[in-house]
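Read the figures in this text as sums done on the coordinates, not as results from a lab. Quantities reported herein were computed from a predicted structural model and do not represent experimental measurements. Backbone-built Cβ (ideal geometry, glycine too); neighbour counts: all protein chains shown.
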Amino acid sequence: MYKKALIALVLVAVASVAAHLYVQSQIYYPVVRLDLADGLSITAILPETKERRACGLANDRFVAPFKQACRDCKISMARCERELEGVALAMHDGLPVAHPMVVAKELRMAVMGPLEAAKAGCKVVAANMVASGVKTAVCIEPQPPTAPKS
């Protein structure tokens, strides 16, 4: 009887340790999409985190200035993704993006909408980031995605 209870206890302990290690190995990608005035939108990917809570806080910190300064802005998405796809994946991996993109130390923001307005918005965002203390933030011209090599 004691032997079975001891085996069950050991199995529960091993499963708990395995579950804890699995959760600790998870990576969360803060991804935010904002709809701005004049038909522009921004998709931003922030530095990855190892905790879900830290990811949510990163999204909150990113969105806060937009909430205060832009009454017409709408947060259409603020998520902690486990796997990236589409534009967010391309930005994260440094692949070409078909939209003007702000590149800062660990932040990438694609500015989407009518091309000339998106380019202008990208330049304004990068300049504002530098003016607010970010060491480097530049606007990268849109680059059409390259076709995979066969």
So, counting K/R as plus one and D/E as minus one, what does the shell of residues with Cβ under 12 Å around Ile45 add up to? -2
What does the charge count around Ala54 come to, taking other residues whose C-beta lies under 12 Å from its C-beta (Lys +1, Arg +1, Asp -1, Glu -1)? +1
Using alpha carbon centers only, segment 77-100 is separated from segment 30-64 by a whole-angstrom value of 12
Shape category assigned to segment 48-130 from the gyration tensor of Cα positions, a/c cut at 1.5: oblate
Per the C-alpha gyration tensor (a ≥ b ≥ c, the square roots of its eigenvalues), segment 43-87 is rounded if a/c is under 1.5, else prolate if a/b beats b/c, else oblate; here it's oblate
Neighbourhood net charge (13 Å Cβ-Cβ; Lys/Arg +1, Asp/Glu -1) for Pro100: +1
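Just in segment 111-140: which trypsin sites (Lys or Arg not before Pro) are loop by DSSP and have at most 14 other Cβ atoms within 10 Å?
Passing both the DSSP loop test and the Cβ count: Lys135.
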Using the Karplus curve 6.51 cos²θ - 1.76 cosθ + 1.60 with θ = phi - 60°, what ³J(HN,Hα) values do you get for each residue of segment 35-45, in whole Hz, with x for Gly and Pro? 9, 9, 6, 6, x, 8, 9, 10, 10, 10, 10
A student applying the Cα gyration tensor rule (rounded when a/c is under 1.5; otherwise prolate if a/b is larger than b/c, oblate if not) would label segment 21-70 prolate
